[in-house]
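Written out below as structure tokens is the structure these notes cover.
The values are calculated or read from the model by the stated rules, or taken from the named source; none is laboratory data. It should be emphasised that the depicted structure is a prediction, and the values quoted were computed from it without experimental measurement. Positions of Cβ are generated from backbone atoms using ideal geometry, with glycine treated the same way; all protein chains shown enter the neighbour counts. We work out accessible area using only protein heavy atoms, side chains counted, and drop any ligands, DNA or RNA first. Shrake-Rupley method; radii C 1.70, N 1.55, O 1.52, S 1.80 Å.
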Amino acid sequence: MQTQSDLIFNQELAAWVQALGSVFAIFVAISIPLYLNYLEQKKSKLALLQQKQKYFVILFPSLYRIRRYSREFLAKMEKHQDNPDNILHTLDSMYLKLIPVFSKELHIFVHSQIYDEDLTQLAFELFFCEEILHQHLSQPADDKKKAHQDEIVLHTERVYALCEQIILQNEQHYGARADSAAASQTARDGHE
């Protein structure tokens, strides 16, 4: 038969088990939504990264063209660096013709949900070039200013540097992924 002390001990034990169960239930009630939120954020970040990769794959040809044509334009301008006159209107440069095209291509990216600081800055530099070029072309030939030419050269130097930086970063990033994917495929092929 149970004594009075055994009954008190059993009641206290039941109370402690109930208290610990309640604490555990509160912990589970808090941690499960937090974990599910973490998984959702991780999934969202992965989807955003995949979207960004798709955009870069689409933009790479344009980035290579921007880099090439801006480099050619800067080389032409460097040849005439000592010329005090405005020579912008005499240049036959694909870069000057394609500034509006490049600006529009990057404008689409900038207004997407994807954010890349360097690409946004590149888009703004191209936009500035487009505005300066528009001002330059809208003036009569005798009023064309060397200041416009110097501003376009300055922004083009920034465009070239940003383009080079973006290309190198993404080639390293996606190149490393491609190398690791190829290595893991080679390892799988070796085990089969």
Exercise. Among the residues of region 134-154, how many are under 28 Å from the mean Cα position of the chain (by Cα) and open to solvent by less than 20 Å² (accessible area, probe 1.4 Å)?
Worked result: 1
Problem set entry | Any chance residue 106 is modelled with pLDDT of 85 or more, of a type outside the set (Ser, Thr, Tyr) and crowded, with 17+ Cβ neighbours inside 10 Å | no
For this session: Could you tell me whether any residue of region 68-76 is among the polar types (S, T, N, Q), modelled with pLDDT of 80 or more and either on the phi > 0 side of the Ramachandran plot or outside any loop (DSSP other than H, G, I, E, B) (or both)?
Result: yes
